[in-house]
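Participant: Below is one structure. I have some questions about it.
The values are calculated or read from the model by the stated rules, or taken from the named source; none is laboratory data. Quantities reported herein were computed from a predicted structural model and do not represent experimental measurements. When we count neighbours, we look across all protein chains shown, and the Cβ atoms used for this are built from the backbone with ideal geometry, even at glycine. Keep in mind that these areas ignore ligands, DNA and RNA; they rest on the heavy atoms of the full protein, side chains included. Shrake-Rupley method; radii C 1.70, N 1.55, O 1.52, S 1.80 Å.
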Amino acid sequence: MGFFEMTKTALRTVLSRPATILYPAQAAKRTPLTRGHIIFDGSKCISCSICQRKCPAQAILLSKEAKSWQIDRFRCVMCSSCVDTCPAKCLSMDPVYTAPASAKGVEVFTITYVKPPKPEKKEEPIQ
């Protein structure tokens, strides 16, 4: 009985279309949920380092003294946990994949966020 099931599976596989595509030759199917790569906006980052703590692959390094944010693309697993937990919404997922790289490298971004001044409190006269 096992031989007939194996033969049936083999014939179905041979006669059907391939389950995968030839990626470089054919474009990959993209949806709004496709996780291509992370985009960082240094003008919104408040240096809270929540993204660094939530990254399961430890691909993010934030330096408050140097005002820099680093990501190691080879360690990043595109889980989107840093994007989901960022309170300032300075991280986002782009559905376009990054170009292939042959050498390891860390991308360094500068944090340019300027804390807005607090509004002055106006004292109301007592009546």
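Participant: Looking only at segment 52-94, count how many residues are on the phi > 0 side of the Ramachandran plot and among the charged types (D, E, K, R).
Facilitator: 2
Participant: In addition: Go through segment 79-101 and report how many residues are open to solvent by 100 Å² or more (accessible area, probe 1.4 Å) and modelled with pLDDT under 80.
Facilitator: Residues flagged as open to solvent by 100 Å² or more (accessible area, probe 1.4 Å) and modelled with pLDDT under 80 within segment 79-101 amount to 1.
Participant: Would you pick out the residues in segment 78-90 that are assigned to a loop (DSSP other than H, G, I, E, B) and under 8 Å from the mean Cα position of the chain (by Cα)?
Facilitator: 78, 79, 80
Participant: Let me ask something additional. Please count how many residues of segment 14-39 are surrounded by 10 or more Cβ atoms within 10 Å (Cβ to Cβ) and either touching a residue at least 24 places away in the same chain (Cβ under 8 Å) or among the acidic types (Asp, Glu) (or both).
Facilitator: Summing the residues that are surrounded by 10 or more Cβ atoms within 10 Å (Cβ to Cβ) and either touching a residue at least 24 places away in the same chain (Cβ under 8 Å) or among the acidic types (Asp, Glu) (or both) in segment 14-39 gives 8.
Participant: Here's a follow-up. When residues of segment 60-71 are filtered for being open to solvent by less than 30 Å² (accessible area, probe 1.4 Å) and within 24 Å of residue 34 (Cα to Cα), how many remain?
Facilitator: Result for segment 60-71: 3.
Participant: Oh, and also: Enumerate the pairs (first residue in segment 98-127 and without any contact (Cβ under 8 Å) to a residue 40 or more places away in the chain; second residue anywhere and open to solvent by 100 Å² or more (accessible area, probe 1.4 Å) and assigned to a loop (DSSP other than H, G, I, E, B)) with beta-carbon separation below 6 Å, excluding pairs fewer than 6 apart on the same chain, so at least 6 apart or on different chains.
Facilitator: Listed pairs, sorted by first residue: 104/74.
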